[in-house]
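The values are calculated or read from the model by the stated rules, or taken from the named source; none is laboratory data. A quick note: this is a predicted structure, and the numbers were derived from the prediction, not measured. Neighbour counts run over all protein chains shown; Cβ positions are idealised from the backbone, glycine included. With ligands, DNA and RNA removed, areas are computed over all heavy atoms of the protein, side chains included. Shrake-Rupley method; radii C 1.70, N 1.55, O 1.52, S 1.80 Å.
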Amino acid sequence: MNADPEGADPYTLHDEDGEGDERGYVFWADEIADRIESRGPDEPIIVKGGISPSGVPHLGNVNEILRGYFVAEVLRERGHEVRQVFTADDRDRLRGIPRKLADLDGNVVGLGEVDAGALGRNLGKPYTDVPDPFGCCDSYGAHFSTLIERSAEAVGVPLEIVSNTRMYEEGEFEAPIRYLLENQDRAREVLSAYQDGVDESYVPFLARCENCGHLTDRVLGVDLDGDSVEYECVDVEAGEQVIEGCGHRGTVSFREGKLPWRFEWVAQWKVLGVDFEPFGKDHAEGSWPSGVDIARNVFEFEPPVPMVYEWFTLNSEPFSSSAGNVMLVSEVLELIEPEVLRYFFAKEPGRARDFDVKRIDLLVDEFDRLERIYFGEEQADERERARAERIYPLVVEEVREERIRLPYTFAAVLGMTDDPELREEIARREGHVSEETPEWAIEEALSRVERARTWARRTGNEYDYELQRTDLPAVDLDPEVERALEDLASFVEEHDDPEEIQGEIYEAAKRHDVPVGEFFATGYRLFFDQEQGPKLGPFLAKLDREFVLARLRRER
């Protein structure tokens, strides 16, 4: 494998939001594919991600899956055979008890809802030796890997989960382990630049104690001919706590232990033949430089093409399992379509972004606009058109021009009624569905209504109300209020701007000496049979006009 071309900076990608680049729009995954191809890789090209199975596999962990997917898809477009693999670092030791877990259906639960003792009794052991606290999988590690696999399936990524434990057990790491132990002096010299405590006694191997199952780093001797090490099970520091060793001395084979993580990451590249791996900026400062050094100066091969991506926040806060600020892919897909989520990850990876659930309608609107630009239904500049033409086919499962999208907030308004036939009727009346629209497109379009309704209820926003469409609420009205409602109806008949309608509500009340608060309350009773509701003008503007006029005039 050859090095990157001279002058190529693996940390810098063309900024999709930049201006003045003579190339116009450049999709970041195309740039990465160029770098991979410049090395003349063997087929199949290996695109890799990975994670240690601790805590809840949340939306932030999908970064590596979807970033890798777009690069893999670009390479496939160019005629390459590609494997996208995702390593579950499940021979890592369980270092602490997470406060939150997730079942296989994607429900986040607290420790009180599972067998927490299965975790507490097994600190220090590999994840695949820890019983599944839900009791549904072979181990805690297997449970976590299943969640990752299901997340990938939900967003349409053909991902191959690779278990580190399986690789050790089947001997796939034996060659790099033997090589490292043969070249311990060189390994120590390189690692000491990145990690404290690497002295002459350091041996790059962790043995799994045959007595208690803990992973210990106290190696007493190495038998290269017998592919085994002697060890002593000693205490291990894990954050602020100490995991006690049992003191046992014994011998294990190379298959019964593991490499320290910095060496293991590089060994994965070597064994799997990795050509490209994206990773978060937390790895960019320490782990990646050490990986490059270990690959070149210990194992003597070139590391894969890297790509650093920015972490994004959830509702303006960092993802945190312990603080409960997590969101699973399954939860997100109850609010938006998979293609909208893929679009979020298609954006330039070097920019910090926030996934704001309360304003998820803005993300959906952005995607819908991309789709309209792609099909030539909306005016856009040359760069926007180029971006839509490049990205859109990669984020949708199938390009179909007959597909229609209900505006997300309009869908939320439709979600205020439970009647599916009425939802479709209103969508037709408002011009979103025509007689020529195929049934599959109607079904897809209306599926957004349930997502938008779920969004309204989870966030408790202005659409979280039940619209009284079928029955006219009983409301006693003074003559002045009736005249003000007629003025408002006449205005709505001629105007559809939300803020203009909002302003007319105030003006109609004033003209007829009706207290403004009382007039708004009348509107809420007419439409919701409640004393309060969303901002009334924008809300009326989103409803079908025929119904609004009939209700303001108390006709139905």
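A few points about this structure:
- Scanning segment 213-245 for residues that are within 21 Å of Pro131 (Cβ to Cβ), open to solvent by 60 Å² or more (accessible area, probe 1.4 Å) and outside any strand (DSSP E or B) yields one hit, Glu244.
- Those helices (runs of 4 or more DSSP H) lying entirely in segment 101-205 with at least 2 residues surrounded by 15 or more Cβ atoms within 10 Å (Cβ to Cβ) and touching a Phe, Trp or Tyr at 6+ places or on another chain (Cβ under 6 Å): 140-154, 174-182
- Scanning segment 58-76 for residues that are touching a Leu at 6+ places or on another chain (Cβ under 9 Å), assigned to a helix (DSSP H, G or I) and either open to solvent by 10 Å² or more (accessible area, probe 1.4 Å) or β-branched (Val, Ile, Thr) (or both) yields Val62, Ile65, Tyr69, Glu73, Val74.
- For segment 313-341, the tally of residues that are open to solvent by 20 Å² or more (accessible area, probe 1.4 Å), assigned to a strand (DSSP E or B) and touching a strand residue (DSSP E or B) at 6+ places or on another chain (Cβ under 7 Å) stands at 3.
- If the condition is being under 26 Å from Glu169 (Cβ atoms) and small (Gly, Ala, Ser), then segment 91-113 contributes only Gly96.
- Residue in segment 506-532 that is nearest to the chain's Cα centre (by Cα), counting only those that are closer than 23 Å to Leu414 by Cβ and open to solvent by less than 20 Å² (accessible area, probe 1.4 Å): Phe528
- Residue in segment 433-440 that is out of contact with any strand residue (DSSP E or B) (no Cβ under 9 Å at 6 or more places or on another chain), over 30 Å from Pro338 (Cα atoms) and open to solvent by 60 Å² or more (accessible area, probe 1.4 Å) present: no
- Annotation note: Cβ proximity below 7 Å between a residue of segment 215-242 that is farther than 17 Å from Asp199 by Cβ and of a type in the set (S, T, N, Q) and a residue that is assigned to a strand (DSSP E or B) and open to solvent by 60 Å² or more (accessible area, probe 1.4 Å) (sequence gap 6+ or interchain) occurs for Ser228/Thr251.
The rows are residues; the columns are (1) β-branched (Val, Ile, Thr); (2) open to solvent by 50 Å² or more (accessible area, probe 1.4 Å); (3) not in a helix (DSSP H, G or I).
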| residue | (1), (2), (3) |
| --- | --- |
| Gly250 | no, no, yes |
| Glu277 | no, no, yes |
| Asp293 | no, no, no |
| Asn297 | no, yes, no |
| Trp311 | no, yes, yes |
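- Qualifying residue in segment 301-319 (condition: closer than 30 Å to Val222 by Cβ and among the hydrophobic types (A, V, I, L, M, F, W, C)): yes
- Of the criteria (1) outside any strand (DSSP E or B); (2) in contact (Cβ under 8 Å) with a residue 24 or more places away in the chain; (3) open to solvent by 30 Å² or more (accessible area, probe 1.4 Å), which one Arg83 fails: (1)
- Checking each residue in segment 343-366 for being over 20 Å from Leu446 (Cα atoms) and not in a loop (DSSP other than H, G, I, E, B) picks out Tyr343, Phe344, Phe345, Ala346, Asp354, Phe355, Val357, Lys358, Arg359.
- Scanning segment 542-556 for residues that are surrounded by 20 or more Cβ atoms within 10 Å (Cβ to Cβ) and either of a type outside the set (D, E, K, R) or free of Cβ contacts under 8 Å to residues at least 24 places away in the same chain (or both) returns Leu543, Val548, Leu552.
- Hey, Glu531 free of Cβ contacts under 8 Å to residues at least 40 places away in the same chain and either in contact with a strand residue (DSSP E or B) (Cβ under 8 Å, 6 or more places away or on another chain) or outside any loop (DSSP other than H, G, I, E, B) (or both) or not: no
- Restricting segment 395-418 to residues that are open to solvent by 40 Å² or more (accessible area, probe 1.4 Å) and either β-branched (Val, Ile, Thr) or over 15 Å from Pro438 (Cα atoms) (or both), the residue that is nearest to the chain's Cα centre (by Cα): Glu397
- The test for being touching a residue at least 12 places away in the same chain (Cβ under 8 Å) and closer than 17 Å to Ala267 by Cα holds for Gly171.
- Members of segment 502-521 that are among the β-branched types (Val, Ile, Thr) and either at pLDDT below 95 or farther than 26 Å from Thr470 by Cβ (or both): Val514, Val516
- Segment 407-443: number of residues that are over 16 Å from Tyr465 (Cβ atoms), assigned to a loop (DSSP other than H, G, I, E, B) and in contact (Cβ under 8 Å) with a residue 40 or more places away in the chain: 2
- Segment 16-55, subset part of a loop (DSSP other than H, G, I, E, B) and within 30 Å of Val114 (Cα to Cα), residue modelled with the lowest pLDDT: Gly55
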